[in-house]
Structure formats: structure tokens, C-alpha cells
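Notes follow once the structure below has been shown.
The values are calculated or read from the model by the stated rules, or taken from the named source; none is laboratory data. No experiment lies behind these values; they were computed from the predicted model shown. Glycine also receives a Cβ, built like all others from the backbone with ideal geometry; neighbour counts cover every protein chain displayed.
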Amino acid sequence: MENKCILIGVSGGIAAYKINQLVSSLAKKGNDVHVLMTKEAEQFVTPLTFQTLSKNRVITDIFSLDEQPEVHHIALASKADAFVIAPATANIIAKIANGIADDMLTATFLAATCPKLVVPAMNTHMLENPATQDNIEKCRRYGMHILDSAEGYLACGDIGKGRMPEADVIEDALSAVIETDRYLEGKNVLISAGPTSEAIDPVRYITNHSSGKMGYSLARAARNRGAKVTLVSGKTNLDTPVGVTRINITSAAEMAEAVLSLSDEMDMIIMAAAVADYTPQTVAENKIKKKEGEFVIPLKRTTDILASLGREKKDGQLLIGFAMETEDLIANAEEKLVKKNADFIIANSINEKGAGFAVDTNSVTIISKDGQNRLGLLSKDDTAEEILRFCAKGRV
Ligand code: CTP
């Protein structure tokens, strides 16, 4: 999310301090961030903090004589690309559900026509109160997006639902609501990501260096464009993108079962996972003890999921695979395209600087029967955007 105008409404909850990080992160990415605070919020964080981080004047209810705040807030409302209220107290949710505009924050919110994200944060019982639940439902009906609160330790000492999600989760949810070109709206997209791991015995396994980053970037990008995304994921250290359904798997066989059983209901399948081609013929029941001399583990082939999809199950789905090569990148990728009957193969060379495992950038070439398109060095998020735009826009 870059170069957008984002309004952040902060109401009076203890979680207000976490918004510093959101404002800072969005501003650093070149967004024009404007913070609006209720009087109660000012008890928790000073406007000066947000002003310093956003580099914009913070809108509070204190009018200064040399400005025309009413005009200013309407102007802000009309130039906003998104409006997020976080933390949103029970009180502010009640107001926005009923069109009450009795301070600068709520008045600007009412005037704004951009996508809106509301992040409830309050005591569990206040959240569960039917009045609050009705108000949240009403906000939903009016087209606002609601980010579910997290569970955990609450400032009041209770443990339960009502915690405000961390700033990076709010930013992720915001990136999903801000996109207006939702060319995958209503489409079912399955993305596989990360490594598989093949057990040798109860202690050891065979795996690879995949971090899952490219697959997770694709999942976020597809979700941002409106798709209903299922992520079949090997073990990674990454957070599940907001709104994405994640199915955790360990082995290639589990990944094959998950992907093949869901494939019929999908409009597009992207196999970004690094699936093991071989697995031990048998898994030892007990830990294997070392002995003198060499040790050989007999391996057998796993199901080639992409090939099974392409050759046996394909029924209108757009099928995209990856090829990571160390030599003859294009020729090998073209061969995979034909052999696995995929629509596109995203080829990358791990020899290229900035491409490959664990880094945040990638450099890929998209191969199809119509030719090749080189994207060059981009962040994995931008690579994901470009892959979807090139391969999926107008095709699913
Ligand atoms: N793939 C799969 N099932 C497997 C192995 C790979 O679906 N058992 C998918 C990967 O997710 C990726 C593509 O196939 O989209 C990679 O093709 P593959 O032929 O496995 O790549 P390499 O292992 O690099 O191939 P090779 O050993 O033939 O170079």
C-alpha cells in the first residue's frame, strides 16, 4: 500500500498506543496519513505523537481560529482512499452505526465515501453485549469492513475476545479493503506455499529452504483483488493473511490430498509450494540408531500435484506453477509447462541476485504457450501483484 490517502480515527481505548506503529509504518511507505482523535483518545496518546509520525496536523475537537475545520474535514473525507477507526470503542461503534456525527472524527467518517475499516477493541462483555453486536452488524450492512478482535489478556484484567489486533494485522486488513479494482471478486483461488517435510523416523525429516514468502504474497494479492483464498501451507514462520483460510500440511502426500480434494471448486490454482519430489519409502517406527559405515535411505516418488491437476483434473481452472532452476531456466520452465499442462509457469533462477528463498524480493519470468514476459527484480508483494495481473486478470 503506497501513495494512498489514509484517515485513521483513534477513539479512547488503551490500545490507542499501538496505533503509533500503524501510522509510522504507513507514513514510511509514502502514504499521506491523517489522524483524527476523539477527546477520550487524547487521554491515552497525545496528538503530538501522531503529528510527529504522520507529519500531518492531527484533527482533534480543538478548533483553532486561523483555520476552517469544517471545510478541512470535508476536504479530507473526499480525498481519502480509506478510513480506518482503530481502536473503535463500543461508544464510537454505536455512533457510526447510527449516523451520529457529534465530533470531528465521526463527522468526517460520515462524510467519507471511501472503503472503511472498523477495528473493535474493548472489554469482552462490552463486545458480547447484544447492543454492541447489533451495532457491529449494522456497520457491516452499511458496507463497512469489520476486523475481528483478537483474544487474549485485556487491560481490564479479563482474558477473552476484545483485544485489538497488532498494527501489522490492521495494515494487512487495510490493504485488503483499499483496492477498488477487485477483478477476482467472488473467485475461489487456491494457493500452495512453503516447504513440505518428509519424515524419515520420529525425529528426522527431509525438507527444503522454502520460506513460503512468495506464496503468502500471492495469497494476500489475490485476497486484495476480491478472491476467496485458501492457502495450503507447509511449515512457515509467516502470519496467516487476514481473511484467508489456511490449511496446514506437513508432507507432500498431505499437500496432494488437500489440493486435489479442493481443486474442483477452484477457479484458479497456484502451486507456489516447494513440494518434495521424493519421500522415504517407509517411515521408521522408532528412531534410527547410528551404525558403522554408510547409510542409505531408499526414496520413492511423490505425487506430482501440478501434473495431476493439469493432466487429470483440469476443468476450466487457471493453473499456475513455479519452476526454480539453477541452469537453462527458460527451456526447463517451458518443458514443465507442457509436461504438466499448466497455463503459466513462473520461472526463477536461484543464481540471480535478489531472487529465491527467504529474501523479500524476486525476479521472475512468466512463461506461457504465447511466449515469455520478464518481470525483473521486484518485491515479492509486487511480483505477486504482477503475476496475478498478467495471468489472471480477465481470464478467470
Ligand atoms: N510440484 C508439485 N508436486 C510435486 C512437485 C512439484 O505440484 N510433487 C509443483 C511445484 O509446486 C511447482 C512445480 O511443480 O509449481 C515445480 O515443478 P518440479 O518439476 O517439481 O520442479 P523441480 O523439482 O525443480 O523439477 P526438476 O527436478 O524436474 O527440475
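Regarding the range 268-281, can at least one residue be identified that is more than 11 Å from the ligand (Cβ to nearest atom), of a type in the set (D, E) and either modelled with pLDDT under 95 or in a loop (DSSP other than H, G, I, E, B) (or both)? Within the range 268-281 (the criterion being more than 11 Å from the ligand (Cβ to nearest atom), of a type in the set (D, E) and either modelled with pLDDT under 95 or in a loop (DSSP other than H, G, I, E, B) (or both)), the answer is no, since none of the residues qualifies.
Considering only the range 242-272, state which residues are more than 15 Å from the chain's Cα centre (by Cα), surrounded by fewer than 17 Cβ atoms within 10 Å (Cβ to Cβ) and not aliphatic (A, V, I, L, M). Scanning the range 242-272 gives N248, T250, E254, E257, S261, D264, E265. Inside the range 116-149, can you point out the residues that are part of a strand (DSSP E or B) and in contact (Cβ under 8 Å) with a residue 60 or more places away in the chain? If the condition is that a residue be part of a strand (DSSP E or B) and in contact (Cβ under 8 Å) with a residue 60 or more places away in the chain, then K116, L117 are the ones that fit. Contact map, the range 252-266: residues that are under 15 Å from K314 (Cβ atoms) paired with residues that are more than 10 Å from the ligand (Cβ to nearest atom) and charged (D, E, K, R), Cβ distance under 8 Å, separation 6+ or inter-chain. Pairs shown: L260/K313; S263/K313; D264/K313; D264/D315. No other residue among I366, I330, I345 is among the aliphatic types (A, V, I, L, M), surrounded by 14 or more Cβ atoms within 10 Å (Cβ to Cβ) and over 28 Å from the mean Cα position of the chain (by Cα) apart from I330. For the range 95-109, the criterion of being touching a residue at least 60 places away in the same chain (Cβ under 8 Å) and either closer than 15 Å to L174 by Cβ or in contact with a Phe, Trp or Tyr (Cβ under 7 Å, 6 or more places away or on another chain) (or both) is met by at least one residue. Tallying residues that are surrounded by fewer than 19 Cβ atoms within 10 Å (Cβ to Cβ) and either under 16 Å from Y142 (Cβ atoms) or in contact with a strand residue (DSSP E or B) (Cβ under 9 Å, 6 or more places away or on another chain) (or both) within the range 86-106 yields 5. The residues listed here are I297, I330, I345, I305; of these, the one that is near the ligand (Cβ under 8 Å from one of its atoms), touching a residue at least 24 places away in the same chain (Cβ under 8 Å) and over 23 Å from I247 (Cα atoms) is I345.
Do any strands (runs of 3 or more DSSP E) lying entirely in the range 150-241 carry at least 1 residues that are touching a residue at least 24 places away in the same chain (Cβ under 8 Å) and buried (at least 24 other Cβ atoms within 10 Å of the Cβ), and which ones are they? Reasoning before the result, please.
Details: elements: 150-153, 159-163, 188-193, 228-233.
Per the criteria, 159-163, 188-193, 228-233.
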